[in-house]
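Step one of this worksheet: look at the structure below.
The values are calculated or read from the model by the stated rules, or taken from the named source; none is laboratory data. Treat the numbers as computed from the prediction; the structure is a model and nothing was measured. A quick note on method: Cβ atoms are made from the backbone with ideal geometry, for glycine too, and the neighbour counts reach across all protein chains shown.
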Amino acid sequence: MGAIMAARLTESAEYAHLWSTPALGAVFEERLQRWLDILAALAAAQAELGLIPEAAAGQIAEHARAERLDLEFVAAETRRTSHSTLGLIRGLQRLLPEPAREYIYYGATVQDLTDTWFGLVMRDVGRLVRDDLIRTHKSLLRLAAEHRDTVMSGRTHGQPGAPITFGFKAATWADEVGRHIVRLSEGGERWSVGQLAGAVGALGFFEPRGQELRKLFCARLGLHDPLVSWTSARDRVAEFGTVLSMTAATLARIGNEVYELQRSEIGELSEGTAEAAVGSITMPHKRNPEISEHLDTLARLARAASSVLVEGMVSGHERDGRAWKAEWAALPDVALAAGTAAALAADLVDGLVVNADRMRENLQRTGHRWASERVLAELSQQVGKHRAQDLLHAALRSDAHAADSDVDLVTALASRGVADPADLARWTAAPELATAAAMVDAVIARGTPGVPR
């Protein structure tokens, strides 16, 4: 028989690399062992407080190994009992000697286990994404410094406008990425928490030592103590997903700009490509912006999944399976999409090819129209802002030039006597971008958030 194909293309051997990374994959592929580690940590904390025998805690830690479990039995019991973790409990009991079997999952609930795993996932994925964003940010600062004075067309509504520098563009990217680094750093303490709530959150099974137990339990896993049960308070998960989807959206914005500026008729930026890369199987001349394009795809998936997590904030009473079980599907999706985007973006920016000559040529092709903002500012001082705007519009849209959208700005204005030719020559001699350069310098001087200079 042939190999069994993955139900989802994103999980297939051919395409999985587009939707995950080895580091991200490890976070989720080790899920079962992580669950067992959580149960072992709970037993150890309970033994420390004398709630269960120390020998039982030791035996649980020794036998709680994923490779020892009969997964077919666990799955069958899960289906037979219609309970999310009773199959796992009974699978573990088959491995444990008496009386340790009675102390596995002692006083815990499904949500204690899965929410604590979420805390570990949010901690670890958050760190991975943050590390890749730091790499991206450093590369963007380098580009901003190298191209501080590399003049190019600023574009609004997709059309050439007034001049900027590529360093300025890169600085705006860096500034936005930097805010996500801060969000991930600050949010980590809120997201990296455990859950030990018991039946309705009041920890009645462990009365009166529930809070003490939870603190020890969380500490053993490297998580923060939430201080109060959060079975129905899903804002942590929603915030995490939202920050990741925002991060992916920022990276898609960068990718979309590279995607547009790599077009052959613009040719100002391009992705670095491997020698073996094939752009098109039918058009050999093509060099496609594969990474830039994929950043947009990943951002769409991240946004869709994060919306499910926000929906989970509307939950009922002390526990609501409609809310947190939907997270089982959505949280991995947003984590993988945004985490993969962060890794790809770091590679994209690091290898970005900048064509400064083409940037300058494209600016000059506008026939001094790039200087219209400067001319408007100068004329405003002479005849008033709105009067100057009317004069410029009339000159540039006159019947004489209606068929020639590339008419030179100086020629159009001088021919109508709007301004002195000597003044026009001076105003359009070269772009004045001192303020843009100063903003670039400010972003560079601030450096990468959380990284010593």
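Tabulated results
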{"quantity": "Extreme residue, farthest from the chain's Cα centre (by Cα), among residues of the range 289-319 that are of a type in the set (A, V, I, L, M) and part of a loop (DSSP other than H, G, I, E, B)", "calculated": "Val314"}
{"quantity": "Residues within the range 151-173 that are in a strand (DSSP E or B) and of a type outside the set (S, T, N, Q), tallied", "calculated": "9"}
{"quantity": "Conditions (1) farther than 30 Å from Arg360 by Cα; (2) buried (at least 19 other Cβ atoms within 10 Å of the Cβ): number failed by Val228", "calculated": "(2)"}
{"quantity": "Residue within the range 313-320 that is modelled with pLDDT under 95, basic (Lys, Arg) and in the same structural domain as Ala170 (by TED's automatic domain parsing) present", "calculated": "yes"}
{"quantity": "Residues satisfying the stated conditions in the range 426-453, i.e. outside any loop (DSSP other than H, G, I, E, B) and touching a helix residue (DSSP H, G or I) at 6+ places or on another chain (Cβ under 7 Å)", "calculated": "Trp427, Ala436, Met439, Val440, Val443, Ile444"}
{"quantity": "Qualifying position, being modelled with pLDDT of 95 or more, under 32 Å from the mean Cα position of the chain (by Cα) and surrounded by fewer than 21 Cβ atoms within 10 Å (Cβ to Cβ), among Arg101, Arg142", "calculated": "Arg142"}
{"quantity": "Conditions (1) at pLDDT below 95; (2) in a loop (DSSP other than H, G, I, E, B); (3) surrounded by 13 or more Cβ atoms within 10 Å (Cβ to Cβ); number of the one not met by Leu51", "calculated": "(1)"}
{"quantity": "Residue that is farthest from Leu49 (Cα to Cα) [pool: residues in the range 181-225 that are free of Cβ contacts under 8 Å to residues at least 12 places away in the same chain and of a type in the set (Asp, Glu)]", "calculated": "Glu186"}
{"quantity": "Residue match in the range 434-442 (condition: among the small types (Gly, Ala, Ser), within 30 Å of Asp124 (Cβ to Cβ) and either surrounded by 12 or more Cβ atoms within 10 Å (Cβ to Cβ) or in the same structural domain as Arg300 (by TED's automatic domain parsing) (or both))", "calculated": "no"}
{"quantity": "Qualifying residue in the range 73-83 (condition: over 34 Å from the mean Cα position of the chain (by Cα), among the hydrophobic types (A, V, I, L, M, F, W, C) and not in a helix (DSSP H, G or I))", "calculated": "no"}
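Yes or no, residue by residue, for (1) closer than 25 Å to Lys325 by Cβ; (2) assigned to a loop (DSSP other than H, G, I, E, B):
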position	(1), (2)
Val177	no, no
Val182	no, no
Ser185	no, no
Pro208	no, yes
Gln211	no, no
Ala238	yes, no
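Listed here are the residues, each with its yes/no results for (1) without any contact (Cβ under 8 Å) to a residue 40 or more places away in the chain; (2) more than 20 Å from Val125 (Cβ to Cβ); (3) in contact with a strand residue (DSSP E or B) (Cβ under 9 Å, 6 or more places away or on another chain).
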{"position": "Arg8", "(1), (2), (3)": "yes, no, no"}
{"position": "Val27", "(1), (2), (3)": "no, no, no"}
{"position": "Leu39", "(1), (2), (3)": "no, yes, no"}
{"position": "Ala43", "(1), (2), (3)": "no, yes, no"}
{"position": "Gln46", "(1), (2), (3)": "no, yes, no"}
{"position": "Ile60", "(1), (2), (3)": "no, yes, no"}
{"position": "Asp70", "(1), (2), (3)": "yes, yes, no"}
{"position": "Ala76", "(1), (2), (3)": "yes, yes, no"}
{"position": "Pro97", "(1), (2), (3)": "yes, yes, no"}
